[in-house]
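Novice: My questions all concern the structure below.
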Amino acid sequence: MAGRWLRAARGMGGRRRRGWSEAPAFAAEQRATLVNVKLKWVKDRALDGAVSRERDLRAAHHLLDVVSARPGHRVSRPELLADSSVRRAFGGVDGVDAFLARYHTLFTLRRGGGVSLTDAALDLRRREVDCLVESEPDLVSRLRRLLMLTLPRSLPLHTVDLLRWDLGLPRDYRASILRRYPDHFALDQPEGDERVWLRLLWWDDGLAVSELEKSTAGGGGGDTTCLPFPVSFTKGFGLRSKCINWLKEWQALPYTSPYADPSGLDRRTDVSEKRNVGVFHELLHLTVAKRTERRNVSNMRKLLGMPQKFTKVFERHPGIFYLSRVLGTQTVVLREAYGGGSLLLAKHAHPLATIREEYSAVMRAALPPRRRRSRESDSCSEQDEECVGGEEFELTE
């Protein structure tokens, strides 16, 4: 199978559409070859632990944003509770009070009902602000690349908001980042559409190089015709010979850049599926922690040029992606970024991710010893345990 595709890819010239990276033109010899295999979901405690460590972190960060924006980094309790976003995030007054009391290592409750930040929280907050300033060019570049992954080079602001935390965008990115870069971004509201869209104003070929291409070719423009993805499995994960053979052949298939025009690909083929995997591989690389919730990308099918049930690639390729089921949601994790552990490898660790880990450590220090140990070691719910030992998935459409 791989040889047939390779000959087709090398024997036909590439074509370029304005604003797209060059795509291999091998559609003429494509066949409906999407192989039917079944793979088991196996729990990865290390990666579940990486996800679990962010329990309550986003909620805490929301309060940090509100409090630190006030003069002297202090806010009265009535003023804090008057913020509708705070009430929604914590389910009312009682939820806010309980959260503040629980995480006393971040927040100080003062006499008279005032709320301020602890010295540890202030130090981390200052470092975080400095990090955002220093890494802003990188942030803008990643946001541009995200828009370049989409067919219309634009996304609804609601979708960007869903990915805001994962991308490392500040809460006020609309008033800060977007306004500082009017040559890159614009806000549009198409006629008849209630949504506001974030649009990329111009394409940059220099950015249209995927992380897989950079890592494989070393940035030197080497052969990227049939790039394989880094693959690793949870300890104890067993692959049947049929699956091993299929995976080897699939890895040897032509690689389509996620920034290339996919219109010539037959969606019923493994080659098209490899392009779909490449899109999510690149999208996860654009995030700070190399992970995002599955629901954050579930409404991007048409924007990314994907087939129906496109997120099934996460289950079909458990050696590339891991679906964590902790914290009451499904989080897609890029395996290669963690190297088999629960911490990002140094080469993938964004400075902002390091600061967030420190926030989490300060929050864990506020918990009783028993809860702290449970948080640090990935605690499994009964629902999680039901899936250990192998839930099977149908992998064809």
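Novice: Based on a Kirkwood Rh over C-alpha pairs, give the Stokes-Einstein translational diffusion coefficient of region 231-304 at 4 °C and viscosity 1.567 mPa s in µm²/s.
Specialist: Translational D for this selection: 91 µm²/s.
Novice: Pairs Lys40/Lys347; Lys248/Lys312; Lys214/Lys290; Lys290/Lys347; Lys214/Lys235: which are spaced more than 22 Å apart, C-alpha to C-alpha?
Specialist: Checking Cα-Cα distances, Lys40/Lys347; Lys214/Lys235 exceed 22 Å.
Novice: Quick one: divide the alpha-carbon radius of gyration of region 36-135 by 2.2 N^0.38 Å and tell me what you get.
Specialist: 1.38
Novice: What shape does region 324-372 take by its C-alpha gyration tensor, where a ≥ b ≥ c are the square roots of the eigenvalues and a/c under 1.5 counts as rounded, a/b above b/c as prolate, and the rest as oblate?
Specialist: Verdict is oblate for region 324-372.
Novice: To continue, here is another question. For the cross-link pairs Lys242/Lys309; Lys274/Lys302; Lys43/Lys309, which exceed 20 Å when the distance is taken from alpha carbon to alpha carbon?
Specialist: In this structure, Lys242/Lys309; Lys43/Lys309 lie more than 20 Å apart at Cα.
Novice: So, one more: Within 13 Å, Cβ to Cβ, of Gly113, how many net charges do the neighbouring residues add up to if Lys/Arg are +1 and Asp/Glu are -1?
Specialist: Summing Lys and Arg as +1 and Asp and Glu as -1 gives +2.
Novice: Let me ask you something else. At 4 °C and 1.567 mPa s, what whole-number value in µm²/s does Stokes-Einstein give for the translational diffusion of region 146-250, with Rh from the Kirkwood sum over Cα pairs?
Specialist: Roughly 74 µm²/s, to the nearest whole number.
Novice: If you bin the C-alpha pair distances of region 114-167 every 10 Å from 0, what whole percents do you get?
Specialist: Computed distribution, short to long bins: 20, 36, 26, 14, 4.
Novice: Describe numerically, in nm with one decimal, the distance between label points set 7 Å from Cα along Cα→Cβ at Ala69 and at His158.
Specialist: Calculated label separation equals 2.2 nm.
No value in this document is a laboratory result; all are computed from the given coordinates. Quantities reported herein were computed from a predicted structural model and do not represent experimental measurements. Cβ sites come from the backbone with ideal geometry, for glycine too, and all protein chains shown count toward neighbours.
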